[in-house]
Every structure is written in structure tokens, then in C-alpha cells.
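Here is the structure we will look at, set down as C-alpha cells.
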Amino acid sequence: MRRVLIPSPFVGPNSWAPVAAMLDDATVVALGELEGDDLHAAAARRIADRADDQLWIAVLHSSAGPFAPSLAAAAANLTGLVFVDAVLPHPGRSAAEIAPAGQMKALRGAAVDGLLPRWDRWFPRATLEAWVPRDEARASFLSDIPQVPLAFLEATAPDLDGWEALPAAYVRLSDGFEAQAARADAGGWPVRRLDLGHLGMASAPREVAAVLAGLPPPLG
């Protein structure tokens, strides 16, 4: 069984690289540039094309969480889902609809030629330095952050069945995702709570790798 570590579309594969280096069965899939009319389906096809050659578990961080329904539809060999400080699927709604109104207004105003600012520019630099304190780790994390089209936030997530039947777990890294973890709790999923910050994969990869490896079968 292989773990496929999937970054948020707003950050790059380097966000997961330190964890992948500590797990024998883990690989990172880079989403690359998102484009097309159905961005969820396009991302799912890209992930499935690179991961679906054997049985695998999708480990989804942050805004990659809503890809789960499209992944379940696109991948024949997907056997489980682990959400890491992730937004849970919201079929039939866009990310813009569930985001704070003030944040969306600011992001729409900051978009240039249909592209959002790089994610690390959405907040003060001191915030990122607090999330990833070590200079070397932070430089690696920053080196492959993409620009994402505003259309990704505006796109309605497809209303697909099937993903709920897969074994699933939730790993909460920060207080900001406690509501998502509580939903997972209510659904009977295994939930692990850490206080590492939203970018714990980059700042504390050993702890995150240990939690992933320690999840109950068939996810651990």
C-alpha cells in the first residue's frame, strides 16, 4: 500500500517532501498549474494518472481536501483518504462560498489577469516565519509555491458520490481546522490532533510522519 501525499493547490510539493523522506511507502504528487473548465476533475485526473498504478491512499492537505470526491471517481486503485488540516469536501458549493466574505473580497481585489497572488503573500511574513521557523525548511517551502487562478476558488465542486464509502481519517495540525476535525469525529473517523501549525509537514515532518504511520489499518 502506498501513501500519496497531495499538497494544497496553493503550495508546492516541497510542502510534503520532508514527510515523504521519512516514510518508505510515500510519494508526493505535484499538481502543477490548474487549468480547464472543471478544475477539480482536472486535478483528480492528474493525480490519478501519476498514482493509480497500484493500491494507494490519498493524503490531502488543506485545500486539496475537496478533491476527494473527484479522486474517488477517477482512480480505480484508491483505497482510503487521510485529510491533514484539510477542508472537507463541499459538493455543489465553491470554495468562495465557504470562505470568509472579507477574505474573498480581498483576494478578488488582489487578483491580476485572473491569477491570485502567491499564497505566502496572503498574510504578513511573520506569520509564515512562525509556521516554519527554520530558515532552510522555509526556503524550500517557498521555492515552489505556484500562482493559482481565481477561477479555482469560484469553481463549484462536483456533486459526486462514492468517496464517503472509503476508509478515512483526519489529522488536525492547527486550531483553525478544529471544526473540520469535529465533523470527522462526528462521522466516526479516526482523528488525531496535533498542535504543530498549519504547515506542520514542513516544520515538524517527523511528528507528522509518525502520526500518519500510526493510523489504524487500512490507513496506517
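Are there helices (runs of 4 or more DSSP H) fully within the stretch 75-140 with at least 2 residues that are touching a Gly at 6+ places or on another chain (Cβ under 9 Å), at pLDDT below 90 and among the acidic types (Asp, Glu)? List them. It would help to see each step written out before you state the result.
Numbers: elements: 95-98, 101-110, 125-131.
Result: empty, no element qualifies.
Quick check on PRO117: is it surrounded by fewer than 18 Cβ atoms within 10 Å (Cβ to Cβ), touching a helix residue (DSSP H, G or I) at 6+ places or on another chain (Cβ under 6 Å) and of a type outside the set (Asp, Glu)? Give the steps one after another, and end with the answer.
Numbers: surrounded by fewer than 18 Cβ atoms within 10 Å (Cβ to Cβ): yes; touching a helix residue (DSSP H, G or I) at 6+ places or on another chain (Cβ under 6 Å): yes; of a type outside the set (Asp, Glu): yes.
Yes, satisfied.
Contact annotation: residue pairs with Cβ atoms under 6 Å, 6 or more positions apart or on different chains, pairing a residue in the stretch 67-86 that is in contact (Cβ under 8 Å) with a residue 40 or more places away in the chain and buried (at least 24 other Cβ atoms within 10 Å of the Cβ) with a partner that is in a loop (DSSP other than H, G, I, E, B) and of a type in the set (A, V, I, L, M), are LEU81/LEU166; VAL82/LEU219; ASP85/LEU173. Just one of the listed residues (ARG138, ARG93, ARG172) is under 22 Å from ALA68 (Cβ atoms), of a type in the set (Lys, Arg) and surrounded by 16 or more Cβ atoms within 10 Å (Cβ to Cβ), namely ARG172. Considering (1) modelled with pLDDT of 95 or more; (2) surrounded by fewer than 18 Cβ atoms within 10 Å (Cβ to Cβ); (3) in a helix (DSSP H, G or I), the lone condition that MET22 does not fulfil carries the number (3).
Taking the stretch 165-220 as the region of interest, the helices (runs of 4 or more DSSP H) fully inside it that hold 1 or more residues being under 15 Å from VAL19 (Cβ atoms) and among the basic types (Lys, Arg) are 205-213.
The values are calculated or read from the model by the stated rules, or taken from the named source; none is laboratory data. Everything numeric here is computed off the predicted structure, so don't read it as measured data. A quick note on method: Cβ atoms are made from the backbone with ideal geometry, for glycine too, and the neighbour counts reach across all protein chains shown.
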